[in-house]
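The values are calculated or read from the model by the stated rules, or taken from the named source; none is laboratory data. Model, not experiment: these values are computed from the prediction. Virtual Cβ from ideal backbone geometry, glycine too; neighbours counted across all protein chains shown. Areas reflect the complete protein model, heavy atoms only, side chains present, ligands, DNA and RNA absent. Shrake-Rupley method; radii C 1.70, N 1.55, O 1.52, S 1.80 Å.
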Amino acid sequence: MTDAVDDLLAGLVANRQTMQRQSAIIDEILEKSNNTLIHIESRNKALAPATAAQEQEKVYNVKPACKQALVKILQNYKQLMQQHRDEREDKHSALDGCLAYRQRVEQLASTMRKLVALCDTVHQMKTHQEDLEAEEQAAV
């Protein structure tokens, strides 16, 4: 029996050592991958301002007529978006009012059901009390 326990304990020790080695290897791999990711991220940040500067240097030569047309398009777009936003707000306010009204109706219906149940319970209690009083008078 002691041999089996010793074998079991030796197996547990061997498993623990193996797990510790595996854990150490995993930690090393994670550390290396984190360092690699940090390096890549820093290189991307270093390259980002250079590409942004190139994009800012782009200049377009546009005729005055085209420029005016673009301005009109943008103004009309802003107006359309504002109208659309106002319509959505009106629809939402009407919808919110309808939902609030419906919720209030449901709440009132629930309260009415509770009151009817309470009334029925009180009526049953009165009937039961009257029956008990009638039985007591009949017994006397």
Cα extents of the chain along the principal axes, largest first, in whole Å, come to 108, 94, 14
Over the chain, what percent of the accessible surface lies on carbon and sulfur atoms, probe 1.4 Å? 59
Count of Lys pairs (Cα-Cα under 29 Å; at least 8 positions apart or interchain) in the chain: 11
Read phi for every residue in region 22-35 and hand back ³J(HN,Hα) as whole Hz from Karplus 6.51 cos²θ - 1.76 cosθ + 1.60, θ = phi - 60°, with x for Gly and Pro. 4, 5, 5, 5, 4, 4, 4, 4, 5, 4, 4, 5, 5, 4
Mean residue ellipticity (222 nm) of the chain, computed from DSSP H runs ≥ 4 via -39,500 (n - 2.57), nearest 500: -35500 deg cm²/dmol
Area of L74 that stays accessible when all protein chains are in place (1.4 Å probe, Å², to 10): 100
Set the Förster distance to 30 Å, then compute FRET efficiency between Q68 and L37 from the Cβ-Cβ distance, nearest 0.05. 0.05
Please list 3J(HN,Hα) in residue order for region 63-72, calculated via the Karplus relation 6.51 cos²θ - 1.76 cosθ + 1.60 where θ = phi - 60°; whole Hz, with x for glycine and proline. 5, x, 5, 5, 4, 5, 5, 5, 4, 4
